[in-house]
1. Which one is nearest to ligand 4 (Cβ to nearest atom) among residues in region B:25-71 that are touching a residue at least 12 places away in the same chain (Cβ under 8 Å) and hydroxyl-bearing (S, T, Y)?
2. Tell me which residues, restricted to region A:119-128, are open to solvent by 30 Å² or more (accessible area, probe 1.4 Å) and either in a helix (DSSP H, G or I) or of a type in the set (F, W, Y) (or both).
3. State whether the residues of region A:70-83 include one that is in contact with a Pro (Cβ under 9 Å, 6 or more places away or on another chain), of a type in the set (A, V, I, L, M, F, W, C) and modelled with pLDDT under 95.
4. Taking B:R116, is it in contact with a Phe, Trp or Tyr (Cβ under 7 Å, 6 or more places away or on another chain) and open to solvent by 40 Å² or more (accessible area, probe 1.4 Å)?
5. Looking at A:G101, A:G108, which one is under 14 Å from the mean Cα position of the chain (by Cα) and open to solvent by 10 Å² or more (accessible area, probe 1.4 Å)?
6. Got a number for residues in region A:74-99 being in contact with a Gly (Cβ under 8 Å, 6 or more places away or on another chain), within 16 Å of ligand 1 (Cβ to nearest atom) and either of a type in the set (A, V, I, L, M, F, W, C) or within 8 Å of another protein chain (Cβ to nearest Cβ) (or both)?
7. Which of the residues spanning region B:33-46 are open to solvent by less than 10 Å² (accessible area, probe 1.4 Å) and either more than 11 Å from chain A (Cβ to nearest Cβ) or among the small types (G, A, S) (or both)?
8. For residues that are among the aromatic types (F, W, Y) and within 13 Å of ligand 1 (Cβ to nearest atom), tally how many sit in region A:103-133.
2 protein chains.
Amino acid sequence: MPGDDDVFLQAAIEEAEKGRDEGGIPIGSVIVHKGKIIGRGHNRRVQHGSAIHHGEMNALENAGRQPASVYKESVLYTTLSPCSMCSGTILLYKIPKVVIGENRTYLGEESLLQSRGVEVVVANNDRCYELMQEFIAKNPTLWAEDTGEVEVKA
Amino acid sequence: MPGDDDVFLQAAIEEAEKGRDEGGIPIGSVIVHKGKIIGRGHNRRVQHGSAIHHGEMNALENAGRQPASVYKESVLYTTLSPCSMCSGTILLYKIPKVVIGENRTYLGEESLLQSRGVEVVVANNDRCYELMQEFIAKNPTLWAEDTGEVEVKA
Ligand SMILES: [Ca+2]
Ligand SMILES: [Ca+2]
Ligand SMILES: [Zn+2]
Ligand SMILES: [Zn+2]
């Protein structure tokens, strides 16, 4: 039987697939409070020309304004290791636990998170990795833009 | 004669004042590339019910998608010391310099930024401090919400 982490990571993967189907970067995220998804989202860089709507940020924004206590009891699920921006946001809201689909494609700020007391679980999920590899093979510059590493047209 | 930093900090202060006039948290920011403002913004937590549109994030979003090289040659001006989220974003986009209006009201992740090689200038600007103090006196819980520290209604 799948555990909670599998079920919610699966929801994040569904978000990533939605993003891919929209022509976007296939990274998805959900925020779970006491066993219930309170926000879901996916990367909107391509779809909305956004510099800040990574999957995790989009899920947080979609969760709306929440009391501080809710964030402190929540788990953030993301299909890919969180970058500096998303990790900083996890720290701001004191989200205590992050479940990461994979970190082979991109290793974010896991060490920073751990050094601040955040529990970091890496699922090594094959589907998360596959989605990113397929995307990068087709769109190498778009992906590089998301990690702040390459010249792209605005 | 005022230097460049004073002129652009002044533009960030004008954004903070716009936010205040909208009933929002008076924190403003501008992003400057080669002497030209490419994005300006202010905190929209109250106005848009946003969990992610701090002043700096809003300025970045308003700048739109930029080539990586533009961020790497830009300076971010903000009226208040940047929190974990905004600092993480500065690191993601490799913005090399941040000019901060004040850090007495709130001390953000200046040490983290410096440890990663970002130049941090604190202007100790009285107007920035005054705007925050006036706001906090009138709206103590709203401000605490922005720093992830207090119970508030969604
Ligand atoms: Ca596996
Ligand atoms: Ca002064
Ligand atoms: Zn991110
Ligand atoms: Zn911030």
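1. Top of the filtered list is B:S29.
2. Result: A:D126, A:R127.
3. No, region A:70-83 has no match at all.
4. Taking the combined requirement at face value, the residue does not satisfy it.
5. Unique residue meeting the criteria: A:G108.
6. Summing the residues that are in contact with a Gly (Cβ under 8 Å, 6 or more places away or on another chain), within 16 Å of ligand 1 (Cβ to nearest atom) and either of a type in the set (A, V, I, L, M, F, W, C) or within 8 Å of another protein chain (Cβ to nearest Cβ) (or both) in region A:74-99 gives 1.
7. B:G39, B:G41, B:H42, B:N43
8. Residues in region A:103-133 being among the aromatic types (F, W, Y) and within 13 Å of ligand 1 (Cβ to nearest atom): 1 in total.
The values are calculated or read from the model by the stated rules, or taken from the named source; none is laboratory data. Everything numeric here is computed off the predicted structure, so don't read it as measured data. When we count neighbours, we look across all protein chains shown, and the Cβ atoms used for this are built from the backbone with ideal geometry, even at glycine. Each accessible area value is taken on the protein alone, full model and side chains, heavy atoms only, with ligands, DNA and RNA left out. Shrake-Rupley method; radii C 1.70, N 1.55, O 1.52, S 1.80 Å.
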